[in-house]
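Below is one structure, written out as structure tokens; the observations come after it.
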Amino acid sequence: MSQADWGRMFRAERDAAYNNTAACPGGPAYIEALRTASAAFRAARPEHLDLAYGASQREAWDLFPAALGSDCLVFIHGGYWQRNDREGAAALLEGACASGWSAALPGYTLAPDASLTTIVGQVHAAFDWLAQHGKSYGITGRIVVAGWSAGGHLAAMALAHPAVSAALPISGVFELGPLRDTYLNEKLSLTDDEIVTLSPLRLPAPDKPMGIAYGSAELPALVGDSRALHALRAAQHRPGALLPVPHADHFTVLNELRRPGGTLLNLARSLLDRA
């Protein structure tokens with residue numbers, strides 16, 4: 001979509017361009033079922049939950065270590081930086097844990113209680129904590145950070161952290177400029193500086209592997225961001241892959257991370273093999 005086309009759209013059209021819930025009627029039920037499964041997943045693994053890395057309530061880790069030396073999948077939840085939580089996403093680690101990975105989920109403060117600058121800073125602080133304390137809890141291997149939707153943006157921003165070996169953003173938002181013209185900005189209140197410094201499509205690409213995934217039935221704005229970020233990285237000769245998941249929408253694409261042998265879980269493994 002060109003800037004000219006975007007400029008001619010009514011506000012309702014701009015809102016619809018990023019409204020995954022409206023585009024996927026089954027989305028709320030998917031999230032609710034995931035939350036129920038995640039409660040059971042956490043209840044079965046209560047040893048290392050709610051480990052604070054910062055002062056606010058949401059600045060905490062849930063850790064699920066495997067054998068010493070196992071690689072670790074870190075997953076960052078989505079919700080346009082203003083919904084959801086790490087607790088409700090835990091079941092997405094089922095496939096990783098069943099495959100012998102360690103796994104972990106960081107939380108972060110939501111907008112409007114935190115700016116996007118603060119949220120990105122919290123994610124980096126979380127990895128600072130994990131680098132310093134993770135071994136005490138059995139997190140000893142290489143780390144691939146995955147994230148979905150807004151978490152995909154945060155995963156892309158986290159790739160530069162020294163503790164991270166590779167990233168797998170799923171259905172992410174990588175150009176923030178258009179969001180300021182939508183309902184999403186009512187809580188985000190994006191500044192000019194944030195749009196420039198926190199849009200992965202405006203930043204140099206870290207020279208580490210990144211796989212970029214999206215569902216083939218996603219909204220065009222999200223598909224376009226994923227393709228554009230892959231093209232930018234390719235132009236800068238950065239390692240990685242672009243994976244459209246056939247027939248998946250913004251929510252069902254997560255099934256390929258959740259199940260053992262899923263295409264997204266396999267991609268995460270291949271990224272670490274290239275790290």
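What follows draws every value from the coordinates through simple rules; no lab data is involved. No experiment lies behind these values; they were computed from the predicted model shown. FYI the Cβ positions are ideal-geometry reconstructions off the backbone, even for glycines, and counts take in every protein chain you see.
Those residues that are buried (at least 16 other Cβ atoms within 10 Å of the Cβ) and in a helix (DSSP H, G or I), I need them from region 225-242; list them, please.
Matches in region 225-242: 225, 226, 229, 230, 232, 233.
Restricted to region 90-140, and to residues that are surrounded by 20 or more Cβ atoms within 10 Å (Cβ to Cβ) and among the aromatic types (Phe, Trp, Tyr), which residue is farthest from residue 173 (Cα to Cα)?
Among those that are surrounded by 20 or more Cβ atoms within 10 Å (Cβ to Cβ) and among the aromatic types (Phe, Trp, Tyr), it is 101.
For region 198-218, what are the residues that are farther than 13 Å from residue 155 by Cβ, assigned to a loop (DSSP other than H, G, I, E, B) and either out of contact with any Ser or Thr (no Cβ under 9 Å at 6 or more places or on another chain) or of a type in the set (Ser, Thr, Tyr) (or both)?
199, 204, 205, 207, 216
Do we have residue 16 as farther than 18 Å from residue 104 by Cα and out of contact with any His (no Cβ under 8 Å at 6 or more places or on another chain) here?
Yes.
Inside region 176-195, can you point out the residues that are among the acidic types (Asp, Glu) and within 21 Å of residue 77 (Cβ to Cβ)?
Of the residues in region 176-195, the ones among the acidic types (Asp, Glu) are 181, 186, 192-194.
Those that are among the acidic types (Asp, Glu) and within 21 Å of residue 77 (Cβ to Cβ): 186, 194.
Could you tell me which numbered condition residue 249 fails, if it satisfies all but one of (1) among the acidic types (Asp, Glu); (2) crowded, with 16+ Cβ neighbours inside 10 Å; (3) in contact with a Pro (Cβ under 9 Å, 6 or more places away or on another chain); (4) over 26 Å from residue 275 (Cβ atoms)?
If we test residue 249 against (1) among the acidic types (Asp, Glu); (2) crowded, with 16+ Cβ neighbours inside 10 Å; (3) in contact with a Pro (Cβ under 9 Å, 6 or more places away or on another chain); (4) over 26 Å from residue 275 (Cβ atoms), just (3) comes out false.
Please note which helices (runs of 4 or more DSSP H) are completely contained in region 1-67 and include at least 2 residues that are under 30 Å from residue 97 (Cα atoms) and free of Cβ contacts under 8 Å to residues at least 12 places away in the same chain.
27-43
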